[in-house]
């Protein structure tokens, strides 16, 4: 049965994983606060005197982002009394894992549930982990749903519910590290930041559900914490933010966050891109390319990645390849060619493999790296453009079936 998809038993979690965040959802979370905000919050709560604010904030920062704890009770160098008081006022719990699936190729997909915000309802998002030789990439969501309605993307068929907070963005990374055993064991020396065998999550990409630049402030806050050298400590060279082309925020991304940039391009003519990626009607290709050419820090060592999904008889001709080379002239770039990942209800088909290779060969001969991305996690709908979720649809089917059974049972009674 080795070729089958696995759905994991979530009752068998590692000891590190905390109770679902829903249990403490009425308490504000300390996850996602900057150091200054953390100190201010502790002092404002009355639990910490002002003279200790920075010191206590640094203690909590270490426990949260180096040690990865999700329970105040595990913060052993803090007094029992303060730990108890913190637990009564705040939460650092992880989100609830509704479902965890493992593909036959090792890709993992989590369905996370976050508690209500204000008068809202609980929300669910999907996060994907892709293990590869020498690296492990976590694909993180920035919004619940999406507003972009890209015609080839499954996520785009789900309406936007709301932005994710900095806490919720970071929680995806921290929960994935929990599940993968990527935080140090509790009995390792304080200086140990990653397990002895190396870091499982070495790279993160903001390529999950939503448009990151429509949630700029929360994404910025989360990524600055993720790249903080005294915490989660991911290099900014290993963090990639992908945008469909929110031109006004591109320069800010380089200046204020400083991570690698990816552009969901997918077409080289405005008329076609207007259809595939409708944000192009607001920010056409010329404006997008101008923003890319002036991206802060752009160089051959810090190239922009252009994502290009291969759609049969839509954007995969040799003429498209030639126009792509012309369009990117002068931009240090890499082009990721993505074989289209079908999803239920789509009208698009993946380009023939021979055509994809011809397309790649032309771009390579023009001097651009153009790897063909190996589809991952297709059997669990975890591949590029497939996050919606299928699990949401299946739960609706299950709910309707349950309601029908209840009605039938009531009739028999």
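The values are calculated or read from the model by the stated rules, or taken from the named source; none is laboratory data. Because the structure is a prediction, the values reported are computed rather than measured. Note: ideal-geometry Cβ built from the backbone for every residue, glycine included; neighbour counts use all protein chains shown.
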Residue 76 vs. criteria over 16 Å from the mean Cα position of the chain (by Cα) and either modelled with pLDDT of 95 or more or buried (at least 23 other Cβ atoms within 10 Å of the Cβ) (or both): no
On the given criteria, is residue 261 within 25 Å of residue 36 (Cα to Cα) and either under 19 Å from the mean Cα position of the chain (by Cα) or surrounded by 21 or more Cβ atoms within 10 Å (Cβ to Cβ) (or both)? no
Does residue 44 count as free of Cβ contacts under 8 Å to residues at least 40 places away in the same chain, in the same structural domain as residue 233 (by TED's automatic domain parsing) and more than 21 Å from residue 234 (Cβ to Cβ)? no
Selection count, the stretch 113-133, where residues are in a loop (DSSP other than H, G, I, E, B) and without any contact (Cβ under 8 Å) to a residue 12 or more places away in the chain: 4
Kindly establish whether residue 334 is out of contact with any helix residue (DSSP H, G or I) (no Cβ under 6 Å at 6 or more places or on another chain), over 26 Å from residue 259 (Cα atoms) and not in a loop (DSSP other than H, G, I, E, B). no
Check every one of the helices (runs of 4 or more DSSP H) wholly within the stretch 219-293 and list those with 3 or more residues that are closer than 24 Å to residue 204 by Cα and modelled with pLDDT of 95 or more. 247-252, 285-293
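Here is a yes/no grid of residues against (1) within 18 Å of residue 242 (Cβ to Cβ); (2) touching a helix residue (DSSP H, G or I) at 6+ places or on another chain (Cβ under 7 Å); (3) modelled with pLDDT under 95; (4) in a helix (DSSP H, G or I):
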site	(1), (2), (3), (4)
305	yes, no, no, no
319	no, no, no, yes
323	no, no, no, yes
341	yes, yes, yes, no
347	no, no, yes, no
354	no, no, no, yes
361	no, no, no, yes
364	no, no, no, yes
